[in-house]
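Notes for the one structure printed next.
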Amino acid sequence: MAELQLRLPIGPLQALHWGRPGDTPVLALHGWLDNAASFVPIAPHLAGIELVAIDLPGHGRSAHLPVGTCYTYEIAVHHVLDAADTLGWARFSLLGHSMGAGLASLVAAACPERIERLVCIEALGGLADDEANTAQRMRESIAASRSLRSKALRVFPDPEPAIRARVAANQLTEASARLLVERGIRRVPGGWEWSSDQRLTVPTFLRQTQAQIEATVAGITCPTAVVFAEPAQPYLPDAVRHRFVECLGDGRLHVLDGGHHLHMEQPGEVAACIAGFLRGED
């Protein structure tokens, strides 16, 4: 494993790198408020793959977006493509978890000429919302965004309280939580604070409807593997996530008993579902 820095127009993106040039190129995208360490447990199980896991902007050790710029999926698609361009990858595969899987879905649908294969863990397409909630969602987003101006980050005396918070919030083992936290905090006077951009906690201003997400997923033309944990997350009920999978033109589904971060907690089982697929051996 090696640390890698990618120089993007918005600033430096930090990444972790495994494998060798000439292996199958795969760009890994982590979940919301996670970072590249999300893929540390599974990387050793992905032989023959050049895996680059980036800290998305505002996460981990990467640059934050400039003041006045919003974190949207549209701009995130460009960040993914910029990262691939910096790596010199004209065509590549995507491995995404949770928010990263939603983002990977959008890249695959919007830029089919760039994406060889797609693996989505614990999400596909995105999270839908009913159009009747549009105005209320806008109000909540604007209110939360403006309140950040007077909100100070909590300072931890040492990393342990942050690790315990991640264990409790995500039902993670201490080892998995430690990986994410140690890459997601920074030293400040008096202790440690989260390095992620507070603007990431603002509710999304607009969400797609279910019909739009289904159309997006139907627009994915590359071979796609989806891995879901059982039981399903409350915000993505089993019937909905299966409906999204059914929209894929060339898809295959794996359902494993486990939690939301199953790629960290059960890396061998998840890798058994996706490693050969990413190498094109299916």
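The values are calculated or read from the model by the stated rules, or taken from the named source; none is laboratory data. Source: prediction; values computed, not measured. Cβ atoms come from the backbone with ideal geometry, glycine included; neighbour counts cover every protein chain shown. Please note that ligands, DNA and RNA were not included when accessible areas were found on the heavy atoms of the full protein model with its side chains. Shrake-Rupley method; radii C 1.70, N 1.55, O 1.52, S 1.80 Å.
Among all positions in region 52-59, there is no residue which is part of a helix (DSSP H, G or I), touching a strand residue (DSSP E or B) at 6+ places or on another chain (Cβ under 7 Å) and open to solvent by less than 10 Å² (accessible area, probe 1.4 Å). With respect to ARG149, is the statement that it is open to solvent by 10 Å² or more (accessible area, probe 1.4 Å), among the basic types (Lys, Arg), more than 29 Å from PRO231 (Cβ to Cβ) and in contact with a strand residue (DSSP E or B) (Cβ under 8 Å, 6 or more places away or on another chain) true? Against the criterion (open to solvent by 10 Å² or more (accessible area, probe 1.4 Å), among the basic types (Lys, Arg), more than 29 Å from PRO231 (Cβ to Cβ) and in contact with a strand residue (DSSP E or B) (Cβ under 8 Å, 6 or more places away or on another chain)), ARG149 does not qualify.
A single entry from ALA104, ALA162, ALA169 fulfils the requirement of being of a type outside the set (Phe, Trp, Tyr), open to solvent by less than 10 Å² (accessible area, probe 1.4 Å) and over 30 Å from GLY219 (Cα atoms): ALA162. With respect to the conditions (1) crowded, with 19+ Cβ neighbours inside 10 Å; (2) assigned to a strand (DSSP E or B), PRO12 falls short on a single one, namely (1). Taking the listed residues HIS64, HIS30, HIS17, the one that is in contact (Cβ under 8 Å) with a residue 12 or more places away in the chain and more than 24 Å from ARG166 (Cα to Cα) is HIS17, with no other qualifying.
From the list GLY191, GLY258, GLY280, the one residue that fits, being touching a Phe, Trp or Tyr at 6+ places or on another chain (Cβ under 9 Å), on the phi > 0 side of the Ramachandran plot and of a type in the set (Gly, Ala, Ser), is GLY191. Answer with yes or no whether LEU65 is aliphatic (A, V, I, L, M), buried (at least 23 other Cβ atoms within 10 Å of the Cβ) and either on the phi < 0 side of the Ramachandran plot or not in a loop (DSSP other than H, G, I, E, B) (or both). In short, no.
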